[in-house]
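What follows is a single structure, written as structure tokens, with notes after it.
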Amino acid sequence: MEASVILPILKKKLAFLSGGKDRRSGLILTIPLCLEQTNMDELSVTLDYLLSIPSEKCKARGFTVIVDGRKSQWNVVKTVVLMLQNVVPAEVSLVCVVKPDEFWDKKVTHFCFWKEKDRLGFEVILVSANKLTRYIEPCQLTEDFGGSLTYDHMDWLNKRLVFEKFTKESTSLLDELALINNGSDKGNQQEKERSVDLNFLPSVDPETVLQTGHELLSELQQRRFNGSDGGVSWSPMDDELLAQPQVMKLLDSLREQYTRYQEVCRQRSKRTQLEEIQQKVMQVVNWLEGPGSEQLRAQWGIGDSIRASQALQQKHEEIESQHSEWFAVYVELNQQIAALLNAGDEEDLVELKSLQQQLSDVCYRQASQLEFRQNLLQAALEFHGVAQDLSQQLDGLLGMLCVDVAPADGASIQQTLKLLEEKLKSVDVGLQGLREKGQGLLDQISNQASWAYGKDVTIENKENVDHIQGVMEDMQLRKQRCEDMVDVRRLKMLQMVQLFKCEEDAAQAVEWLSELLDALLKTHTRLGDDAQETKVLLEKHRKFVDVAQSTYDYGRQLLQATVVLCQSLRCTSRSSGDTLPRLNRVWKQFTVASEERVHRLEMAIAFHSNAEKILQDCPEEPEAINDEEQFDEVEAVGKSLLDRLTVPVVYPDGSVSSKLFCMDNAPF
């Protein structure tokens, strides 16, 4: 009978073995009766269980039974005493019935027990609780009877449950371990494998059972003697009662069988691990050489644009992600194989090294293919990126060339021309970069051997090569067309610069001619004090006129050049409606003023020459000039010159200049 089966009954504490002993070293069995009606069947079950615990040697000493009737009725006490005859008649030596202080009729009770004494087979005495020490030592009595023995029923019950559980589990575990260990020693491999399948794992954890046993044994050894632990809740009985030797024997057997079992498990685990490694290695190899290689075979293109290359890269990343899972398995397997190789079992070294080499070869080859594909796609992405940037630069340059140039001045034309040259240079740099990227990509494709994907990739490579070369040729043609247009635009802009320059110089010529006219009108007013000085002034005036004539001719040539440039540029010259009329008007004004200046200087020369001639003929008495005719001629010339000095210059357009020659300039 196990305590776990009757646990609810045992918890009621209908009877218990406190661990105390009588003076004959017999065990003390206590039956505490209460006010409630005691179930005799449950009490009988409790007594059967408690009496099954001590050893036969301990039972031979007899039991002293204490029936605590202080809280019960006499009829119940009598029934319990009579029941002891049926349960343990041979083991009971003395029954002490603890009576209440003022209860029961002594005569009746004494008569009843005396009457049944021979039939019961043991002595029954009625005793008060304070007189119980006459028969039992106080140290063997619990506190309920004035003794010093400490007893905790629930603690005893828990320990009993642990002991029975350990005994049951350890016995079952010993049988299982023996079956497993004996099965592993069989020579027949087929029987061995069948034994492994059926009994490889015990029903309970050996470590847990051993730990439970050690804890139980430690508890038994620490609390072997009554009160040895300083008043703990439960003091065990003797070795037979506590079954300490049984626990120790079970633990020794368990350790022996468990050691053998661990060795068996180690060997089986090693074999199983090797088989699992073989299986996983073949899984990795089969996937990499099967679906993994097939995925790479299906991916050979490089795309025709950035978006296409990025899509291929994303697809390749998905393939790499799937490969990464298998590569992780490879790393784990490699570590496991290395650990087994370090273990150094000779029989497995060759097989393990062969597996490791096969796995490494396949994984490294597949990793190389993935890396090659990734580098190829990255190079293709960079190539298409450079091609797109170059295409955008060519589009921008073409757009700039297609817009008609309408600059305001030569500086803006120079700025535009500089920007155009910079863009063309940038295109040259971009095209050179495209060629470098393309050549690098072509080199990678040319190095793509058939082993990379396990098939002939000549056709696919030709498509990729044709695409790369087509892109570079197209960009070269577009760049050449832009260069031709740039040459035309450069010539046109240089002509426009020349046109603006001619217009500016023509306007400058007009300004110069205007300044010469202004100088003629303001500063060229002297007529000279004598004929010689006047001739000198006339000669200077003619040179001054030559300068003005050169300026006018220069302006005319510039304006003619602007007309030619405008015809070439198919545009309208801004100077044709403004500068040319101004130039002609200023020149006509200058011509009129110059001719008037010449006439006056010539009249002044005639006047000075005649006057000087008359003065030379009569140097001492000019008043005595007799030739009145000659004098009248000089006088007439002088008056005519004076009259001419007072007359303003009238220009061809009808305007009048009041700046030319005043009376202050007269030589007389």
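Summary of values
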{"read-out": "Exposure rank, largest accessible area first [151, 554; 1.4 Å]", "value": "554, 151"}
{"read-out": "Value of Rg to Rh for the stretch 1-61 (Rh from inverse mean 1/r over Cα pairs, i.e. Kirkwood)", "value": "0.99"}
{"read-out": "Accessible-area value, residue 219, 1.4 Å probe, nucleic acids and ligands omitted, Å²", "value": "50 Å²"}
{"read-out": "Summed residue charge, Cβ within 12 Å of residue 639's Cβ, Lys/Arg positive, Asp/Glu negative", "value": "-3"}
{"read-out": "³J(HN,Hα) computed for each position of the stretch 274-289 - Karplus, 6.51 cos²θ - 1.76 cosθ + 1.60, integer Hz, glycine/proline x", "value": "5, 5, 5, 4, 4, 5, 5, 4, 5, 4, 5, 4, 5, 6, 5, 7"}
{"read-out": "Size-normalised alpha-carbon gyration radius of the stretch 480-611, reference 2.2 N^0.38 Å", "value": "1.53"}
{"read-out": "Sum of side-chain charges, residue 30 neighbourhood, beta-carbon under 13 Å (Lys, Arg +1; Asp, Glu -1)", "value": "-1"}
{"read-out": "Normalised per residue, the volume of the convex hull around the Cα set of the stretch 474-519 (Å³)", "value": "31 Å³"}
{"read-out": "Inter-site label distance for residue 476 and residue 546 at 7 Å from Cα along Cβ, in nm", "value": "6.3 nm"}
{"read-out": "Kirkwood Rh and Cα Rg combined as Rg/Rh, the stretch 300-360", "value": "1.32"}
{"read-out": "Computed E for residue 252/residue 294 - FRET, C-beta separation, R0 51 angstrom, nearest 0.05", "value": "0.25"}
{"read-out": "Residue 260 accessible area, assembled protein chains, probe 1.4 Å, Å²", "value": "90 Å²"}
{"read-out": "Charge dipole magnitude, Cβ of K and R +1, D and E -1 - the stretch 17-92, Cα centre, debye nearest 20", "value": "440 debye"}
{"read-out": "Subset of 12/59; 315/425; 13/249; 501/588; 501/522; 99/159 violating a 29 Å alpha-carbon distance limit", "value": "315/425; 13/249; 501/522; 99/159"}
{"read-out": "Order of exposure, largest accessible area first, which applies to 363, 139 with probe 1.4 Å", "value": "139, 363"}
{"read-out": "Exposure of residue 354 as accessible area (Å², to 10), given a probe of 1.4 Å and all protein chains", "value": "70 Å²"}
{"read-out": "For residue 67, residues with placed amide H under 5 Å, excluding near neighbours", "value": "31, 96, 97, 98"}
{"read-out": "Accessible-area composition of the stretch 310-443, carbon plus sulfur, in percent [1.4 Å probe]", "value": "50 percent"}
{"read-out": "Whole-Hz ³J(HN,Hα) from phi, Karplus 6.51 cos²θ - 1.76 cosθ + 1.60, for the stretch 494-503, glycine and proline x", "value": "5, 5, 5, 4, 5, 4, 4, 5, 4, 5"}
{"read-out": "Residues with amide H under 5 Å from that of residue 147, placed H, sequence gap 5 or more", "value": "142"}
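The values are calculated or read from the model by the stated rules, or taken from the named source; none is laboratory data. Keep in mind that what you see is a predicted model, and the values were worked out from it rather than measured. Neighbour counts are summed over all protein chains in view; Cβ atoms, including those assigned to glycine, are modelled from backbone coordinates with ideal geometry. SASA here: full protein model, heavy atoms, side chains in, ligands and nucleic acids out. Shrake-Rupley method; radii C 1.70, N 1.55, O 1.52, S 1.80 Å.
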